Structures are given as structure tokens and as C-alpha cells.
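Read-outs throughout are calculated quantities, based only on the coordinates presented, and are distinct from any laboratory measurement. Please read all numbers here as calculations on a predicted model, not as lab measurements. So basically every Cβ, Gly included, is an ideal-geometry build from the backbone, and we count neighbours across all protein chains shown.
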Amino acid sequence: MENVVLIIHLILSLGLLAVVLMQRSEGGGLGMGGGGGGGAMSGRAAATALGKITWVLAIAFICTSITLTIFAAENASGSSVIDRLGVTPPPASESQTPAAPEGDFLLPPAPGDNAPLVPTLD
């Protein structure tokens with residue numbers, strides 16, 4: 001069932017793309033006019049029909065999107081992707097504490113101590 005809805009979704013998306021590209025630009029948003037004056041009545045009727053087809057395809061596209069989301073939510077498990085891979089991280093034991101690195105480190109002076117922060121080379 002999910003594959004059928006997915007195929008319908010893809011067909012609707014291609015149809016919606018084609019119908020939107022066939023429509024005439026009415027706003028001139030990019031500075032391009034909407035075309036010449038050939039047959040005002042037929043141009044308006046075609047725009048209305050394409051507009052209605054666009055609305056129908058858009059509503060059907062949204063419905064299939066919601067349906068696919070519901071299918072995905074039903075198939076989702078409560079575990080993460082890493083849990084499904086079967087990779088288990090090494091157990092963190094409490095006895096393994098990271099060892100302090102060896103070497104002399106400069107500690108900040110105690111409050112009220114006027115010792116310089118720069119180490120001396122003795």
C-alpha cells in the first residue's frame with residue numbers, strides 16, 4: 001500500500017510541476033510581462049482551468065504527503081538507527097578512570113598568593 005501511495009505521489013509531483021510551468025506569468029515578478037494580446041477570453045479561460053488543475057493536484061499532493069508521513073510513523077520503531085545496526089558501544093566501567101597525563105603542569109596560584117603565573121626555567 002505504501003508503494004502505491006508513493007508512486008501516486010511521484011506522479012502528482014511531476015504533474016504539478018508540468019501544470020505550474022505551463023501557466024502564464026501574470027504578476028511579472030521578474031520583470032517579464034505576461035505575454036501579448038492574442039485572445040483575451042481564451043487566455044483567461046485557460047488560466048482558470050490550469051489554476052483549478054493546479055489546486056486539485058496540490059491538494060492531492062498534500063494528502064499523499066500526509067499519508068506517507070502516517071505510514072512512516074507507523075513503521076518507525078522506538079530505537080535509533082545505531083540500535084538497529086547492531087553495533088554496541090563498549091561498556092563504560094567505573095574502574096576505568098582516565099589517568100592524569102605525566103609531566104609538570106603549571107597550576108594557578110592560590111588566592112592571595114603573589115606568585116607569578118609564568119614558570120621559571122630552573
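Kindly provide the set of residues from the stretch 54-74 that are under 19 Å from Leu10 (Cβ atoms) and not aliphatic (A, V, I, L, M), ordered by number.
From the stretch 54-74, those under 19 Å from Leu10 (Cβ atoms) are 54, 56-72; that's our starting set.
Once the filter is applied, which keeps residues that are under 19 Å from Leu10 (Cβ atoms) and not aliphatic (A, V, I, L, M), the stretch 54-74 yields Thr54, Phe61, Cys63, Thr64, Ser65, Thr67, Thr69, Phe71.
Within the stretch 1-24, track down each residue that is touching a Gly at 6+ places or on another chain (Cβ under 8 Å) and not basic (Lys, Arg).
First, the residues of the stretch 1-24 that are touching a Gly at 6+ places or on another chain (Cβ under 8 Å): 23-24.
Within the stretch 1-24, Gln23 is the sole residue that qualifies.
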**Fill in**
Within the stretch 62-75, the residues that are of a type outside the set (Ser, Thr, Tyr) and within 18 Å of the chain's Cα centre (by Cα) are Ile62, Ile66, Leu68, Ile70, Ala72, Ala73
